[in-house]
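Here, each number is a calculation from the coordinates, and none is a lab measurement. The model shown is predicted, which means the values in this text are computed figures rather than measured ones. Positions of Cβ are backbone-derived with ideal geometry, glycine not excepted, and every protein chain shown enters the neighbour counts.
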Amino acid sequence: MSRQNFSGHYQTYGINVQAACDHKFRFVYAALAAPGGANEIAALRKTQLSQMIQMLPLRRFVVGGNVYVCSETLLTPFSGVEKDDPSKDAFNFYLSQMRIHIEQPFGLMTGKWRILCKPLQMHLKNVGKVFMCITRLHNFCFNEGNISTNSIEVNQVSDREFMCSYVNKSGIAGSSVLRDIIVQDLVQHGLERPDLILILNLK
């Protein structure tokens with residue numbers, strides 16, 4: 001496998017996957033976007049998901065990690081000294097509660113299809129087909145089970161990518177007027193990051 005597939009973060013060879021899911025833990029988009037050595041921003045820009053996010057109407061947005069650039073349609077956590085501000089820390093907390101929904105589908109998927117728990121023993125050209133097959137099986141299991149009853153209409157793009165049929169700006173890279181509005185709404189409603197409460201059952 002070529003050096004460009006080596007991820008310095010994970011210290012192993014792999015492929016960069018860009019994915020999005022809904023609130024019911026189903027994938028609405030997935031793509032084998034780039035070699036494992038590519039950074040998240042570069043990988044996202046190679047996918048149709050990037051254009052879909054940019055085309056969202058105002059006040060509609062996707063939630064992402066701080067590895068991405070914040071915009072009006074892609075909200076990310078505050079970082080650096082900004083995250084020490086209590087109101088922005090509250091925003092980060094509630095944003096993280098939504099971001100959990102993209103972490104859990106991957107955990108559920110690897111737990112069910114154990115082939116993903118270790119390096120895939122196959123030719124690189126087949127990895128995309130196997131992964132995309134598993135994401136569709138993942139959605140099928142949720143749609144057919146008690147967890148979810150609403151089906152997702154999926155249009156095939158390729159064996160490396162699939163997507164759902166649906167999916168005043170600041171103009172400053174890395175900032176978002178909408179994010180600032182949400183922060184102010186949290187303040188007005190008195191919402192803060194909950195304190196960690198340790199409950200001991202003494203006998």
Quick one: the Cα spread of the range 27-105 along its three principal axes, in angstroms, biggest first? 37, 31, 23
Distance in nm between pseudo-label sites at W113 and H23 (7 Å out along the Cβ direction from Cα): 2.7
In the neighborhood of M109, defined by Cβ-to-Cβ distances under 12 Å, what is the net charge if each Lys or Arg adds +1 and each Asp or Glu adds -1? +3
Could you work out the local net charge near G14, counting Lys and Arg as +1, Asp and Glu as -1, over the other residues with Cβ closer than 14 Å to its Cβ? +1
Compute the Cα gyration tensor for the range 57-153, then decide on rounded, prolate or oblate, letting a ≥ b ≥ c be the square roots of its eigenvalues: rounded whenever a/c is under 1.5, prolate when a/b is larger than b/c in the other cases, and oblate in all that remain. prolate
Can you work out the FRET efficiency for the pair Q51 and E192, with r the C-beta to C-beta distance and R0 = 41 Å, to the nearest 0.05? 0.70
